[in-house]
Amino acid sequence: MIEKWMAWVVRHPIGSFLLMIFFCLAFAPGLKHLKLDSSSNGLIVQKDPEKLYYDEVKKIFGDDVTETIIIKSEDIFTQLILQSIEDLTLDIEYIDGVTRVVSLSTSNNLRGTEDGYLITDVMLPYVPEDIEEIKELRAKALSNELLHGEVISPDGKVAAIQVFVESRSDDPQFEEKLTSAIEELLKRERAKLGTDVVIYQIGPPLTKVHIIKNISKDITLLTPLSMLTVGVVLLLFFRSFSSILLPVVTGATSIIVTMGFMGFCGFAINPVTVVIPSLLLVIGSTEDIHLIAEYAMGLRSQLQKREAVLRMAVKSGLAIFLTSLTTFVGFLTVAPNSLPMLSEFGITASFGIAANFILTAFLAPAVLLLLKAPKSFQKEEAEFLSGLTKFLISLAVHHRIKVISISFFIAATSLFLSSKIVVDTDYLQFFRDDSVIKKSYIDMSKNFSGGTIFFVTVDTGRENGIQDPLHLKQIAKLTDFIKERHENVISYDQFIRKTHKEMNGGNPDFYQIPDDADLISQYSLMIKPSTLERFADFDYQRANLLVRSRAGGSRGINNALPEIREFVQKICHALWIYDLPENLYWLPKHLIRLAVR
């Protein structure tokens, strides 16, 4: 069958060439649907129960995607900087996709009065002009521990504006538009504040934008580089224009067809599939090399061009078919993977290999017939090539034991080194150490709270469960435990403890959970619902701890989770502990018995 197919191609080179043009044109329209995707959604099992619970938590407590604006100065409590914080807060709230902005201008004061009242107005309702007012504001803000690591640093040298945004996976340009809009506002403020004040944005949206830029750069750089490398190697060994043109034609058309296929399937170019164009060029060129070598051998045997092409097609057809088939099956085994990103890679790569075989089988004979027979193919093989071939054959035949021993040694060494591979989803590793993104994350973690956010949610299983003093005290213990090990934690119990303290004259001894459930309920009513909705659900069944950590990527979070889980097993109610956005953990409900008693 393969011989008949290849023989038909040799007899009808023009028809074969036109047929492949139509084949490419059929898939080319899919290119306009092709998107770039830098999210980690492709690394999550979409129907996993823990993923579904994660989505449920986001619906209750809001999305966990934040873009942070950092403002650094020797003292942020100046009229000019405070005015910038207020202006940025107001302007960012109107940017499309922003759901909440947390800053000094939106954070509650939570301060008790001598008359026993609780003041819950915002910390920065207006920008004070009087120096004494600014000093008073500074004292109030720095004494409010709930603001530390969230909107100000304890030393008053760094302020932050936390921008909570929607997750819009359906809009590939969302992050670009969001970060660009924020950057325009920051340029305006930099002009006002001068060079003594450092101001920048950092967070997952900006990271995604830079990853997409890197992916685009990789495609435009690596694909031509792969083509150039293959071309140079072939030119070195075959010394003809045909040897370069053939893999360029089959490789370029394979990429067009495969990328178009991805567009039609709704697959995006992500950090995994970005290698597919280079992969098709490198792996696909092996078929071209088989054919070119056989073609050259036919010409050296004094065959006419058509006879040499027919001999090449008949003798090498089965070889390239089997080579493509085994490679196709190898990539296809990745397709059933439960992770969408790997599954898409397996489907696309296997399709690309199949398409490359079809294009090579139809185009290679046609291209060689349409081109003039290279003179270099009609000469004897270069002396250094024949010498190299004889040396390798002699080595394999006369030194079999050494060759096998060295091969086993290399295999064993490779197997040992493979155990050192680290599995991680830290996207910061995509960037060089001198990149703006990496420098910004390091600077923020050094001067403020960590750049990684994860949630710890507590589900009591009943209405008003987290207002039960027994449960809330356990949650408070968990909050304190996590805070000792990570940069910052904000939780419902902290607001209750802070309110209890302020309602008792600011006495630090009262920074604790009261024993009266009715009092906890009253304190909750005193605090604005918009403040608590991120940390307690509407019926107070569940509490949410927002943790900011310097632990980066899934590996860093996974290293931090065991001690939290161990602590939870000792004291806490049914807990779901998960990180953003992969690796979710559930602790069994039977732990409720320990808490309830």
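The values are calculated or read from the model by the stated rules, or taken from the named source; none is laboratory data. Please read all numbers here as calculations on a predicted model, not as lab measurements. Reconstructed Cβ throughout: ideal geometry from the backbone, glycine too, with neighbour counts over all protein chains shown.
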Point to revise | Close pairs from the range 437-450: first more than 19 Å from residue 485 (Cβ to Cβ), partner among the small types (Gly, Ala, Ser), Cβ under 6 Å, at least 6 apart | key: 441/451
Review point. Are any residues in the range 294-305 crowded, with 16+ Cβ neighbours inside 10 Å and either part of a helix (DSSP H, G or I) or on the phi > 0 side of the Ramachandran plot (or both), and if so, which ones?
Key: 294, 295, 296, 297, 298, 299, 305
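Would it be correct to say that residue 275 is at pLDDT below 90, under 23 Å from the mean Cα position of the chain (by Cα) and in a helix (DSSP H, G or I)?
Against the criterion (at pLDDT below 90, under 23 Å from the mean Cα position of the chain (by Cα) and in a helix (DSSP H, G or I)), residue 275 qualifies.
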Exercise for review: Would you mind telling me which numbered condition in (1) touching a helix residue (DSSP H, G or I) at 6+ places or on another chain (Cβ under 9 Å); (2) over 30 Å from residue 207 (Cβ atoms) residue 259 fails?
Suggested key: (2)
Revision key, fill the gap. Counting only residues in the range 146-165 that are touching a residue at least 24 places away in the same chain (Cβ under 8 Å), more than 28 Å from the chain's Cα centre (by Cα) and part of a loop (DSSP other than H, G, I, E, B), the one farthest from residue 72 (Cα to Cα) is identified as 146
Review point. When the range 215-244 is examined, which residues are found to be in contact (Cβ under 8 Å) with a residue 60 or more places away in the chain and under 11 Å from residue 288 (Cβ atoms)?
Key: 238, 242, 243
Point to revise | Residue that is surrounded by the most Cβ atoms within 10 Å (Cβ to Cβ) [pool: residues in the range 127-145 that are assigned to a loop (DSSP other than H, G, I, E, B) and modelled with pLDDT under 90] | key: 144
Point to revise | Single unsatisfied condition, residue 266 versus (1) at positive phi; (2) in contact with a Leu (Cβ under 9 Å, 6 or more places away or on another chain) | key: (2)
Review point. If you go through the range 43-62 one residue at a time, do you hit one that is farther than 24 Å from residue 273 by Cβ, small (Gly, Ala, Ser) and under 28 Å from the mean Cα position of the chain (by Cα)?
Key: yes
Revision key, fill the gap. Note on the range 200-225: residues under 23 Å from residue 280 (Cβ atoms) and either part of a strand (DSSP E or B) or of a type in the set (Gly, Ala, Ser) (or both) are 216
Practice item. Please go through the range 63-88 and pick out each residue that is among the polar types (S, T, N, Q), surrounded by 22 or more Cβ atoms within 10 Å (Cβ to Cβ) and under 24 Å from residue 136 (Cα atoms). Key: 84
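Going by what's in this entry, would residue 517 be described as modelled with pLDDT of 90 or more, aliphatic (A, V, I, L, M) and farther than 22 Å from residue 154 by Cβ? Before you say what the answer is, go through the steps one by one.
Values: modelled with pLDDT of 90 or more: yes; aliphatic (A, V, I, L, M): yes; farther than 22 Å from residue 154 by Cβ: yes.
When the stated conditions are applied, residue 517 passes them.
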Review point. Regarding residue 244, is this residue in the same structural domain as residue 362 (by TED's automatic domain parsing) and at pLDDT 90 or above?
Key: no
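Return yes or no: is residue 251 within 28 Å of the chain's Cα centre (by Cα), among the small types (Gly, Ala, Ser) and in a helix (DSSP H, G or I)? Outline the logic, then answer.
Values: within 28 Å of the chain's Cα centre (by Cα): no; among the small types (Gly, Ala, Ser): yes; in a helix (DSSP H, G or I): yes.
Taking the combined requirement at face value, the residue does not satisfy it.
Quick one: which of 260, 194 is at pLDDT 85 or above and touching a Leu at 6+ places or on another chain (Cβ under 7 Å)?
Numbers: 194 fails: touching a Leu at 6+ places or on another chain (Cβ under 7 Å).
Exactly one of 260, 194 is at pLDDT 85 or above and touching a Leu at 6+ places or on another chain (Cβ under 7 Å), namely 260.
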Check your understanding: Got at least one residue in the range 553-566 being modelled with pLDDT under 85, on the phi > 0 side of the Ramachandran plot and not in a loop (DSSP other than H, G, I, E, B)?
Key -> yes
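For residues that are polar (S, T, N, Q) and surrounded by 15 or more Cβ atoms within 10 Å (Cβ to Cβ), scanning just the range 1-52, find the one that is farthest from residue 219 (Cα to Cα). Show your work before the answer.
From the range 1-52, those polar (S, T, N, Q) are 16, 38-41, 46; that's our starting set.
Those left that are additionally surrounded by 15 or more Cβ atoms within 10 Å (Cβ to Cβ): 16, 38-41.
Numbers: 16: 30, 38: 14, 39: 18, 40: 19, 41: 21 Å.
Here the residue is 16.
Listed here are the residues, each with its yes/no results for (1) of a type outside the set (Lys, Arg); (2) assigned to a helix (DSSP H, G or I); (3) buried (at least 19 other Cβ atoms within 10 Å of the Cβ); (4) at pLDDT 85 or above.
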position	(1), (2), (3), (4)
416	yes, yes, no, yes
421	yes, no, no, yes
439	no, yes, no, yes
443	yes, yes, no, yes
463	yes, no, no, yes
466	yes, yes, yes, yes
470	yes, yes, no, yes
Review point. Hydrophobic (A, V, I, L, M, F, W, C), assigned by TED's automatic domain parsing to the domain that holds residue 16, touching a residue at least 60 places away in the same chain (Cβ under 8 Å) and surrounded by fewer than 20 Cβ atoms within 10 Å (Cβ to Cβ) - does that describe any residue in the range 351-358?
Key: yes
Practice item. Starting from the range 316-329, take each residue that is assigned to a helix (DSSP H, G or I) and list its partners that are among the acidic types (Asp, Glu), counting only C-beta distances under 8 angstrom and pairs at least six apart or across chains. Key: 316/294; 317/3; 318/3; 320/287; 323/287; 324/287
Review point. When residues of the range 306-334 are filtered for being charged (D, E, K, R) and either crowded, with 17+ Cβ neighbours inside 10 Å or touching a helix residue (DSSP H, G or I) at 6+ places or on another chain (Cβ under 6 Å) (or both), how many remain?
Key: 2
